[in-house]
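Everything below concerns the one structure shown next.
Every read-out reported here was derived from the displayed coordinates using simple, explicitly stated rules and does not represent laboratory data. Values in this document were obtained by computation on a predicted structure and should not be read as measured data. Note that each Cβ is placed from the backbone with ideal geometry, even for glycine, and that neighbours are counted across all protein chains shown.
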Amino acid sequence: MRVVTALEMREIDRIAIQERGIPGLTLMENAGKAVADEIMDCFAPRRVAVVTGKGNNAGDGFVVARLLAEQGVKVIVCLLAPGSELKGDALANFKRLPERVQKIDIASADALAEQLSAPFDCVVDAILGTGVKGAVTGLFGQCIEAINACAAPVVAVDIPTGLPADGVAAGEGFAGPVVRAALTVTLGLPKLGMVIPPTCAFISELVIADIGFPADLIGGGRHPINLITAGEVAASLPARPFDGHKGTFGSALVIAGSRGMTGAAVLAGQGAQRSGTGLVFVACPEKLEPVIAALLVEPLKLPVESEDGWRFDLKSLDGLLAAAEKMDAVALGPGIGQIKATRALAAALCRDIDKPMVIDADGLNCLADQPEAVRERRAPTVLTPHPGEMARLLGVSTKEVQAGRMETARRAAKQFNCVVALKGAQTVVALPTGEVHINPTGNPGMAKGGSGDVLTGLIAGLLAQGMSAGDAARAGVFLHGLAGDIAAEESHPRAITALDVAHALGPAFAEIEEQS
């Protein structure tokens, strides 16, 4: 799904009205209906307060108020701007409000707080739309705080008032004030500030409403910035024919582990095993095999020779290349360590394995000083760095990576000619073409050691089933984050583990297939 800036959304709106002949009143009616329908579905309200400004966002709010009143809901409209300041479509919908909708002029935040102290099933924020630049001050800013202090859940029309539609400049923090909505019903397409840090933290539940924009204006084609959706992921997953067997669904090789890092191999194996691939092989230094075998039942274990038996080195090369030759995809890196001999092996494997590959963790660290090994690969490749690993790959600071996550991921994807999934809050998947795809799933509880290893195995398993590198990365990060969300609901974000995330992958697959 395309993600837009405020300017792009205004241009879509202009083309729809001026060039395609769709009346603005029609779009506003559709917008108000979409919000009213969500309110009825989510809250089944009896009393609702609608707080309005004076622009088109207010016009949408007036439609919400009218449609709710027509369904028997008692509605009050709190006007932060007098009716005399309204114009255009907003004025037309203000005049359509029925008599039973109480209209109250609000002159101060205290007056609004007094009105909102009454029991409401929800409060509708229809004050300001996507045109906000900088902090909201004056009466509107003070009223944001009054809305946030009320007891009722808040529904934002298009965007919470005060939230910059384009986010904030790289490296800048943002404190608001912003309406803290329990539900945001955005119109047409998601706006950039809703899906990237730090401003995305102000978005709780997001619903994207179709209000009648022509399909060619909002979808289709390739876009610079996109939001990964459940429907997209479900559609990209390979079919599972009724008469399929384990060979039908591919084989994945996970090259992982070193002394003290057996858990990384186990977790990556779990991720691959739960991806739907038919066969998973975990290659490890030979002395680790008894420990990994005790913790990992289904995947086949491939103990590999090395000089000391605890860590991979160039003595492991022939065995690993022979194993990879029989596989459909390979995962390289979790827990392999970074000693000089392992770094040499990682570069050789990267160059010599011509199968789709996902490289993560120590695999990336081993290649940081020999990046040409990645650039020279001809088979599909996915890199899954966290910000520190990305910084080492590009020779920049972690702060620089975090200050411009989309730009950094794009740069790496082009530089290494591969797909890059820059992990973190709202993981960014970048393609060599310059497209970026933002992942909306996941939660802070997943910031635990081992979580990335599960993702590595999952993406490898999806690659083994024949998915393209881009599709496997998008599906992998979405499902991984969704599994983390499911695990957090079943337990608590503080308490979930990487293994909990792996175990929740089955419910995550079920959820996206049900949604689609």
If the chain between V396 and K414 were fully extended at 0.36 nm per residue, the gain over the current Cα-Cα distance would be 4.9 nm
Enter the Cα centre distance for the pair the stretch 72-137 and the stretch 414-453, rounded to the nearest angstrom. 40
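With only Lys, Arg, Asp and Glu charged, each at its Cβ (+1 for the first two, -1 for the last two), find how big the charge dipole of the chain is about the Cα centre; round to the nearest 20 debye.
560
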Within the chain, what percent of beta bridges assigned by DSSP are antiparallel, to the nearest 5? 10
Quick one: Karplus J couplings for the stretch 71-85, per residue in order, coefficients 6.51, -1.76, 1.60, θ = phi - 60°, nearest Hz, x for Gly and Pro? 9, x, 7, 7, 10, 10, 10, 9, 8, 7, 10, x, x, 5, 8
In terms of modelled amide H atoms, which long-range or inter-chain residues lie less than 5 Å from the amide H of V304? C284, E286
Please work out the Cα center distance from the stretch 323-374 to the stretch 380-405, rounded to the nearest Å. 17
Amide hydrogen neighbours beyond the local backbone of V154, cut-off 5 Å, H modeled: V123, A182, L183
Matching label for the computed P(r) over Cα pairs in 10 Å bins from 0, in percent, out of (1) 4, 19, 30, 27, 15, 5, 1, 0; (2) 4, 19, 27, 24, 14, 7, 3, 1, 1, 0, 0; (3) 4, 19, 25, 21, 15, 10, 5, 1, 0, is (3)
A403 to E307: extension gain in nm, 0.36 nm per residue of separation minus the Cα-Cα distance? 30.3 nm
Magnitude of the Cβ-charge dipole (Lys and Arg +1, Asp and Glu -1) of the stretch 390-516 about the Cα centre, nearest 20 debye, reported as 740
Would you mind computing, in nm to one decimal, how far apart the modelled labels at I17 and T433 are, each placed 7 Å from Cα along Cα→Cβ? 3.2
For a footprinting-style exposure proxy, rank V382, V501, V254 by other Cβ within 10 Å, fewest first. V382, V501, V254
Ordered by packing density, taken as the mean number of other Cβ atoms within 10 Å over each peptide's residues, highest first, how do 121-129, 483-491 rank? 121-129, 483-491
Checking the stretch 270-344 for GluC sites (Glu not before Pro) in a loop per DSSP with at most 13 other beta-carbon atoms within 10 Å yields E307
Determine, for F174, F202, the number of other Cβ atoms within 10 Å of each Cβ, and report the residues in order from fewest to most. F174, F202
First measure r as the distance between the Cβ atoms of R47 and E145, then evaluate 1/(1 + (r/R0)^6) with R0 = 22 Å and state the FRET efficiency to the nearest 0.05. 0.50
Helix by helix through the chain, keep the DSSP H runs that span 24 Å or more along the axis on Cα and average at least 0.0 on Kyte-Doolittle, and give those back in order. 24-43, 469-490
Using a simple spin-label model with points 7 Å from Cα along the Cα→Cβ vector, what separation in nm is obtained for E205 and M40? 1.7
Highest first, please rank the peptides 424-437, 394-407, 270-283 by the mean number of other Cβ atoms sitting within 10 Å of their residues. 270-283, 424-437, 394-407
Label-point separation in nm, K315 to R351, each point 7 Å along Cα→Cβ: 2.2
Output wanted: per-residue J couplings in Hz (rounded whole) for the stretch 128-133, from phi through Karplus 6.51 cos²θ - 1.76 cosθ + 1.60, θ = phi - 60°, x for Gly and Pro. 10, x, 7, x, 5, 10
Please label the shape of the stretch 13-84 as rounded, prolate or oblate, based on the square roots a ≥ b ≥ c of the eigenvalues of the alpha-carbon gyration tensor (a/c under 1.5 means rounded; beyond that, a/b larger than b/c means prolate, else oblate). oblate
Theoretical gain in end-to-end length, Q370 to E490 [0.36 nm per residue, Cα-Cα removed]: 38.9 nm
Mean Cα-pair separation over length for the stretch 32-143, i.e. relative contact order, pairs under 8 Å, 6 or more apart, %: 35
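Mind checking the stretch 1-103 for GluC sites (Glu not before Pro) that DSSP puts in a loop (not H, G, I, E or B) and that have at most 16 other Cβ atoms within 10 Å?
Filter output for the stretch 1-103: E99.
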How high is the relative contact order of the stretch 357-516, in percent, counting Cα pairs under 8 Å that sit 6 or more residues apart? 19
Computed over the stretch 233-515: relative contact order in percent, which uses C-alpha pairs under 8 Å that are six or more apart: 20
Can you pull out the GluC sites (Glu not before Pro) in the stretch 122-208 whose DSSP state is coil and whose Cβ has at most 13 other Cβ atoms within 10 Å? E172
